[in-house]
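To start, the structure under review is shown below, and the notes come after it.
FYI, it's all coordinate maths here, none of it is from the lab. Note that the structure is a prediction, hence the values are computed from the model and not measured. Ideal geometry is used to build each Cβ from the backbone, glycine not excepted, and the neighbour counts take in all protein chains shown.
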Amino acid sequence: MDTRTPEKRSEIMSLVRAKHTRPELAVRRIVSKLGYRYRLHAKGLPGKPDLCFPGRRKIIFIHGCFWHAHRGCRGGRPPKSRVDYWLPKLRDTRRRDSRSLRELVRLGWKTLVVWQCELESTNLSRRIRKFLGPVKVFRRRKKKSG
Ligand SMILES: [Zn+2]
């Protein structure tokens with residue numbers, strides 16, 4: 001039984017949320033360091049993708065393992081208390097996520113999901129580069145005049 005006051009609980013939740021943004025920052029750092037430009041939280045697209053690369057028609061989602069219920073991951077396990085609150089909530093998020101991915105693919109976007117637990121992986125930056133392709137491919141060559 002959860003005996004915390006609503007105030008205490010919302011304080012805890014906001015801490016969790018703040019932590020949750022850290023994976024996104026970490027991925028943004030990697031992406032910028034590699035030299036890619038991106039748009040944040042593209043509002044017009046399904047699921048408001050975390051990072052959007054319009055010229056490449058590619059999208060990166062960064063998912064916290066808990067909030068997005070990462071399957072087969074320690075961090076993705078639902079809490080044991082307040083099960084009737086958490087299970088439907090997490091299930092809805094999962095459904096929303098897969099709906100957004102399907103929708104984006106249908107619209108011609110390529111998507112990559114980076115999970116929080118994958119941030120430590122040494123080849124994350126290689127994986128991102130492989131997904132996004134060469135950095136400068138979209139730079140147009142200047143025509144010679146004359
Ligand atoms: Zn995970």
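Points worth noting:
- Among the listed pairs Lys43/Lys89; Lys43/Lys110; Lys89/Lys110; Lys33/Lys136; Lys80/Lys110, those with a Cα-Cα distance over 24 Å are Lys89/Lys110; Lys80/Lys110.
- Gain in span if fully extended, Cys73 to Lys48, counting 0.36 nm per residue against the direct Cα distance: 6.6 nm
- Low-density loop positions, trypsin sites (Lys or Arg not before Pro), the stretch 18-98 - DSSP coil, at most 10 other Cβ in 10 Å: Lys43, Arg71, Lys80
- DSSP-assigned coil residues among GluC sites (Glu not before Pro) in the stretch 42-146, each with at most 11 further Cβ atoms within 10 Å: Glu120
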